[in-house]
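Below are the structure tokens for one structure; questions will follow.
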Amino acid sequence: MKALTQKLLNNFLIGIFAVIPIVIILQIIIFVKDRISDLFGFVYGYANSYLYSFFVFVISFFVLVSIGHEIVKKGRPLLIRAFEHIIDRIPFLNTIYRVLTKVIAMFTSNDQTIAKEVVYVEYPKNGIWVPAYVTNRYENKVVLFIPTSPNPTSGFTVIADKSKVIKSKMDIEDATSFIVSVGVDYDKATEMSQLP
């Protein structure tokens, strides 16, 4: 009886872990759908017309596509530059906006001048190695963001000497996958064996 109970519990846990990624993806889809529905309801509340609301969304879609196209071809369009010019004059908001744009650029930009390097650093003490994103450099120092598992958006920002870090062959996506999967998705066994 005990063996049967243990087997049932084991299979139950395996089933839960198999379904968790599906549930998370569905929750994200539901969240996005709810936000779009809320926005549609907000627009419809003003116009009281489904046709008008539909046209607002179609126009918004094409405006965002054209902004994206212009950014890819020429850099920031006039509208965004004007918005940034206004935001620059508002204390506190300018800091938040500047930081958000830099963080988003780090993860999405193809610009080679933006730090996208992944390294290993000993943290929180010697002998324990963790992956970190290089977010900035100055002379012989590097600014590192050390994300926490399984949520890579939280973590610690530290300043370390360049000699204290070891370069990794992982890119941002590999490192994020490693962190989210709590180490399960890690195919750099040779790197691991080379850590002192």
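The values are calculated or read from the model by the stated rules, or taken from the named source; none is laboratory data. This structure is a prediction, so every number in the text was calculated from the model and none was measured. Ideal geometry is used to build each Cβ from the backbone, glycine not excepted, and the neighbour counts take in all protein chains shown. Ligands, DNA and RNA are stripped out before the accessible areas are found, and what is left, the full protein with its side chains, is counted by its heavy atoms. Shrake-Rupley method; radii C 1.70, N 1.55, O 1.52, S 1.80 Å.
For region 160-181, name all the residues that are under 16 Å from the mean Cα position of the chain (by Cα) and either more than 13 Å from Pro131 (Cβ to Cβ) or in a loop (DSSP other than H, G, I, E, B) (or both).
Scanning region 160-181 gives Met170, Asp171, Ser181.
Can you find a residue that is over 22 Å from Lys102 (Cβ atoms), modelled with pLDDT of 85 or more and either more than 19 Å from the chain's Cα centre (by Cα) or among the aromatic types (Phe, Trp, Tyr) (or both) anywhere in region 144-159?
no
From the list Ser37, Ser66, Ser53, which one is in a helix (DSSP H, G or I), under 27 Å from Thr101 (Cβ atoms) and among the small types (Gly, Ala, Ser)?
Ser66
For region 118-138, enumerate the residues that are part of a loop (DSSP other than H, G, I, E, B) and more than 17 Å from Gln194 (Cβ to Cβ).
If the condition is that a residue be part of a loop (DSSP other than H, G, I, E, B) and more than 17 Å from Gln194 (Cβ to Cβ), then Tyr123, Pro124, Lys125 are the ones that fit.
Of everything in region 130-153, what is open to solvent by less than 50 Å² (accessible area, probe 1.4 Å) and within 20 Å of Tyr186 (Cα to Cα)? Give them in sequence order.
So in region 130-153, the residues open to solvent by less than 50 Å² (accessible area, probe 1.4 Å) come out as 130-134, 142-148, 152.
Within region 130-153, Val130, Pro131, Ala132, Tyr133, Val134, Phe145, Ile146, Pro147, Thr148, Pro152 meet the criteria.
When you check Arg89 against the structure, is it under 26 Å from the mean Cα position of the chain (by Cα), open to solvent by 100 Å² or more (accessible area, probe 1.4 Å) and without any contact (Cβ under 8 Å) to a residue 12 or more places away in the chain, yes or no? Let's see the steps before the verdict.
Working: under 26 Å from the mean Cα position of the chain (by Cα): no; open to solvent by 100 Å² or more (accessible area, probe 1.4 Å): yes; without any contact (Cβ under 8 Å) to a residue 12 or more places away in the chain: yes.
Judged against the criteria, Arg89 is not a match.
Quick check: is even one residue across region 106-123 open to solvent by 60 Å² or more (accessible area, probe 1.4 Å) and at pLDDT 80 or above?
Yes, some residue in region 106-123 is open to solvent by 60 Å² or more (accessible area, probe 1.4 Å) and at pLDDT 80 or above.
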